[in-house]
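Written out below as structure tokens is the structure these notes cover.
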Amino acid sequence: MEHEHFLDAVSLTKNYSENKESGVNSITISIPEGKITAVVGESGSGKSTLLKLLYGLLTPDEGEVFFKGELVIGPIQKLIPGHDKMKMVTQHTDDLNWFATVWQNVSSLLSNTDLDYKQTETEKALKQLRVYDLRDQRVADLSGGEKQRVAIAKALITHPEVLFLDEPFNQVDASFREGLQQNIREIVKETGLTVVLVSHDPSEVLSMADELIVLKSGEIVESGKPEDLYEQPKMLYTAQILAHCSVLTKEEAQVCGISAERGTIAVNPEYIEVVVSRWGKKEWTVKQVLFKGFFEELLIEKDIARLRVLNLEKGKYPEGSKINIKINKHLEYGQWKK
């Protein structure tokens with residue numbers, strides 16, 4: 001069977017019980033070479049199962065995985081599971097020896113037949129992941145984020161063609177996540193590495209990924225460019241995964257002044273503008289103010305309708321304030337109104 005794509009899954013199914021939602025079902029995808037592909041979805045949607053199937057850690061019930069046209073075999077057929085040209089890093093950093101140094105961990109996968117090469121490659125990997133200064137420290141003494149960087153450096157030392165990252169930033173402090181994400185993007189750009197990652201955080205995948213795959217109950221419901229799926233999601237599920245949108249019934253939408261053709265309406269916080277005017281009755285009440293760092297989210301209410309509003313002028317609208325708003329955009333889903 002000829003495949004022109006890099007990494008393909010064809011009609012891939014893996015269930016852990018008779019419940020068809022306990023894995024993945026009939027998934028067919030093509031992972032582009034030299035790009036970052038992110039798999040997103042709610043907990044239990046099959047994200048980690050899909051990664052393990054692509055890597056060869058699980059044997060599918062049905063379907064096949066191909067890497068450069070060759071079949072990827074699972075643990076039933078292979079003594080040491082996992083494809084030789086691929087590596088996987090999880091949030092648990094299980095592959096690290098906690099009582100060895102950072103240098104010893106990363107260099108351990110290279111042969112001692114060429115010590116100069118081993119020295120050069122280890123130093124390069126540690127510098128790529130910004131852990132060279134930690135080379136003599138034991139892994140047990142590192143922070144969660146530092147361990148994650150070491151695990152990725154170790155995975156890259158043998159120059160795999162595909163790197164799978166399963167919730168790679170869970171153990172990384174928020175202040176250091178962006179730096180690690182940028183490091184990975186730089187490595188992809190410099191080396192042509194293909195990355196497939198799983199995440200539950202939309203901010204991670206929107207800023208990192210070249211392609212998004214959205215899973216729900218073990219099935220792909222949508223895929224495409226991050227900006228396309230964020231701005232024009234075809235499914236309400238995708239809108240809820242990628243943005244903290246307010247979901248309205250048609251009755252609630254009418255309270256908001258929205259004239260909709262379909263039964264369910266989604267409004268992202270940034271679609272709403274607070275209107276400053278001396279005239280006109282202020283009909284919306286600020287029920288709660290959520291501090292988000294350089295901005296706030298206002299939870300506002302009018303009759304039966306509740307909305308989230310993005311506010312850059314922190315402190316201007318305290319709880320109990322009365323405001324007017326303008327909704328500049330909305331998305332529509334569900335049945336068409338008769």
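Name, by its number, the condition in (1) surrounded by fewer than 22 Cβ atoms within 10 Å (Cβ to Cβ); (2) assigned by TED's automatic domain parsing to the domain that holds Asn15 that does not hold for Val255.
(2)
Can you confirm whether Ser203 is of a type in the set (Ser, Thr, Tyr), within 26 Å of Lys87 (Cα to Cα), touching a residue at least 24 places away in the same chain (Cβ under 8 Å) and outside any loop (DSSP other than H, G, I, E, B)? Please lay out each step first, then the result.
Details: of a type in the set (Ser, Thr, Tyr): yes; within 26 Å of Lys87 (Cα to Cα): yes; touching a residue at least 24 places away in the same chain (Cβ under 8 Å): no; outside any loop (DSSP other than H, G, I, E, B): yes.
No.
Looking at this structure, is Glu252 among the acidic types (Asp, Glu) and free of Cβ contacts under 8 Å to residues at least 40 places away in the same chain?
Working: among the acidic types (Asp, Glu): yes; free of Cβ contacts under 8 Å to residues at least 40 places away in the same chain: no.
Against the criterion (among the acidic types (Asp, Glu) and free of Cβ contacts under 8 Å to residues at least 40 places away in the same chain), Glu252 does not qualify.
Does Gly192 count as closer than 21 Å to Ser26 by Cα, assigned by TED's automatic domain parsing to the domain that holds Lys14 and surrounded by fewer than 19 Cβ atoms within 10 Å (Cβ to Cβ)? Let's see the steps before the verdict.
Working: closer than 21 Å to Ser26 by Cα: no; assigned by TED's automatic domain parsing to the domain that holds Lys14: yes; surrounded by fewer than 19 Cβ atoms within 10 Å (Cβ to Cβ): yes.
So Gly192 fails the test.
For the condition assigned by TED's automatic domain parsing to the domain that holds Glu211 and surrounded by 18 or more Cβ atoms within 10 Å (Cβ to Cβ), what is the one hit in Gly34, Gly23, Gly44?
Values: Gly34 fails: surrounded by 18 or more Cβ atoms within 10 Å (Cβ to Cβ); Gly44 fails: surrounded by 18 or more Cβ atoms within 10 Å (Cβ to Cβ).
Exactly one residue qualifies, and that residue is Gly23.
Is it true that some residue in the stretch 93-114 is surrounded by 15 or more Cβ atoms within 10 Å (Cβ to Cβ), of a type in the set (Ser, Thr, Tyr), touching a helix residue (DSSP H, G or I) at 6+ places or on another chain (Cβ under 7 Å) and not in a helix (DSSP H, G or I)?
Within the stretch 93-114 (the criterion being surrounded by 15 or more Cβ atoms within 10 Å (Cβ to Cβ), of a type in the set (Ser, Thr, Tyr), touching a helix residue (DSSP H, G or I) at 6+ places or on another chain (Cβ under 7 Å) and not in a helix (DSSP H, G or I)), the answer is yes, since at least one residue qualifies.
Just wondering, is there one or more residues in the stretch 135-143 that are without any contact (Cβ under 8 Å) to a residue 40 or more places away in the chain, over 14 Å from Ala155 (Cβ atoms), surrounded by 18 or more Cβ atoms within 10 Å (Cβ to Cβ) and more than 27 Å from the chain's Cα centre (by Cα)?
Residues of the stretch 135-143 that are without any contact (Cβ under 8 Å) to a residue 40 or more places away in the chain, as a first pass: 135-137, 141, 143.
Now narrow it down to the ones that are over 14 Å from Ala155 (Cβ atoms): 135-137, 141, 143.
Filter again for surrounded by 18 or more Cβ atoms within 10 Å (Cβ to Cβ), leaving 135.
Pick out the ones that are also more than 27 Å from the chain's Cα centre (by Cα) and you get 135.
Among the residues of the stretch 135-143, at least one is without any contact (Cβ under 8 Å) to a residue 40 or more places away in the chain, over 14 Å from Ala155 (Cβ atoms), surrounded by 18 or more Cβ atoms within 10 Å (Cβ to Cβ) and more than 27 Å from the chain's Cα centre (by Cα), which makes the answer yes.
Among the listed residues Gly224, Gly179, identify the single one that is among the small types (Gly, Ala, Ser) and modelled with pLDDT of 95 or more. Spell out how you get there, then give the answer.
Numbers: Gly179 fails: modelled with pLDDT of 95 or more.
When all the criteria are applied, what remains is Gly224.
Among all residue pairs at least 6 apart or on different chains, which show Cβ distances below 8 Å where the first residue, located in the stretch 229-241, is crowded, with 19+ Cβ neighbours inside 10 Å and the second is among the polar types (S, T, N, Q) and part of a loop (DSSP other than H, G, I, E, B)?
Close Cβ pairs (under 8 Å, with a partner that is among the polar types (S, T, N, Q) and part of a loop (DSSP other than H, G, I, E, B)) amount to Ala239/Asn268.
In the stretch 279-334, which residues are in contact with a Ser or Thr (Cβ under 8 Å, 6 or more places away or on another chain), exposed (fewer than 12 other Cβ atoms within 10 Å of the Cβ) and not in a loop (DSSP other than H, G, I, E, B)?
none
Contact list please: Cβ distance under 8 Å, first residue in the stretch 75-90 and in the same structural domain as Arg149 (by TED's automatic domain parsing), second residue of a type in the set (S, T, N, Q), pairs at least six apart or on different chains.
These pairs meet every condition: Pro75/Thr59; Ile76/Thr59; Gln77/Thr59; Lys87/Thr158; Val89/Gln148.
If I ask for residues that are over 25 Å from Leu53 (Cα atoms) and either surrounded by fewer than 19 Cβ atoms within 10 Å (Cβ to Cβ) or within 17 Å of the chain's Cα centre (by Cα) (or both), which ones from the stretch 146-176 would you list?
Val172, Asp173, Ala174, Ser175, Phe176
Any residue in the stretch 298-322 that's within 15 Å of Lys282 (Cα to Cα) and not assigned by TED's automatic domain parsing to the domain that holds Lys287: show its pairings with residues that are surrounded by fewer than 16 Cβ atoms within 10 Å (Cβ to Cβ) and among the polar types (S, T, N, Q) at Cβ separation under 7 Å, as long as the two are six or more apart or on different chains.
Short answer, once both residue conditions are applied: none.
All but one of (1) assigned to a helix (DSSP H, G or I); (2) in the same structural domain as Glu18 (by TED's automatic domain parsing) hold for Ile213, so report the exception by its number.
(1)
Would you please list the contacts, defined by Cβ atoms under 7 Å and residues six or more apart or on different chains, that run from a residue in the stretch 107-128 that is free of Cβ contacts under 8 Å to residues at least 60 places away in the same chain to a residue that is small (Gly, Ala, Ser)?
So the pair list comes out as Lys118/Ser107; Thr122/Ser107; Ala125/Ala153; Leu126/Ala153; Gln128/Ala153.
The values are calculated or read from the model by the stated rules, or taken from the named source; none is laboratory data. Predicted, not measured: the structure shown is a model, and the values here were computed from it. Because the Cβ atoms are built from the backbone with ideal geometry, glycine has one as well, and the counts that use them run over all protein chains shown.
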